[in-house]
1. Using the heavy atoms of the protein chains alone and a 1.4 angstrom probe, what is the accessible area of the stretch 1-120 per residue in square angstrom?
2. Can you figure out the FRET efficiency of Val35 with Arg3, using R₀ = 22 Å and their beta-carbon distance, to the nearest 0.05?
3. Taking 0.36 nm per intervening residue step and subtracting the Cα-Cα distance, what contour gain separates Leu66 from Asp90 on full extension?
4. Over the chain, what is the relative contact order in whole percent, taking alpha-carbon pairs under 8 Å and six or more residues apart?
5. Per residue of the stretch 77-83, in order, report the coupling 6.51 cos²θ - 1.76 cosθ + 1.60 (Karplus, θ = phi - 60°) as ³J(HN,Hα) in whole Hz, putting x for Gly and Pro.
6. Given an 8 Å cut-off on Cα distances and at least 6 residues of separation, report the relative contact order of the stretch 93-161 as a percent.
7. Residues with amide H under 5 Å of Phe53's amide H, sequence separation 5 or more or different chain, H placed in the peptide plane at 1.01 Å from N; which?
8. Expressed as a whole percentage, what fraction of the accessible surface of the chain belongs to carbon and sulfur atoms when a 1.4 Å probe is rolled over the protein heavy atoms?
Amino acid sequence: MSRIADRLRGLGLALPPPPQPPPGVSLPFQFVHIVGRRALISGHGPQQPDGAFASPFGKVGRELTLEQGYIAARLTAVSILASLERAVGDLDRIAAWGRVFGMVNSAPGFHRQPSVINGFSDLILELFGPEVGAHARSAVGMAELPFNIPVEIEGEVELLP
């Protein structure tokens, strides 16, 4: 078993199956697109263990607290890791996290998006360490996100040959 898989297991985290969109919704793109040694990661949201989007749904600062948003961002990291593992076979192939773009479904006046997206960053740094896990990041508020999810995150990693 890989080093990252061991760390996930040690934290009690299991990688979910591919995201399951709501009935009647088509998602005609790759969740991870490999270009040379780069893996481009499409936007992901928080998932339940069965692959469905995880609740609670809604806007951070209205239906969700900052803490619930942080947990949603952490679950989104787990979702992204599952897609990466399916695409590259072993998470130990990740040589570096490049950039992360975090979007928060924000209520008017909510301005703590960086604190929400820390749920993602904190887990990535815990799993991969400060060298491989370091990443550039944006955290922005959005008026709406697909399916009323509270967080959507996309990014890019560099792969070992």
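1. Accessible area per residue, the stretch 1-120: 48 Å².
2. E between Val35 and Arg3, to the nearest 0.05, is 0.30.
3. 5.4 nm
4. 32
5. 4, 5, 4, 5, 4, 5, 5
6. The normalised contact order for the stretch 93-161 reaches 58 percent.
7. Gln20, Gln48
8. So the carbon and sulfur contribution to the accessible surface is 56 percent.
The values are calculated or read from the model by the stated rules, or taken from the named source; none is laboratory data. Since the structure is predicted, the reported quantities are computational estimates derived from the model, not experimental observations. When we count neighbours, we look across all protein chains shown, and the Cβ atoms used for this are built from the backbone with ideal geometry, even at glycine. For accessibility, only protein heavy atoms count, side chains too; no ligands or nucleic acids. Shrake-Rupley method; radii C 1.70, N 1.55, O 1.52, S 1.80 Å.
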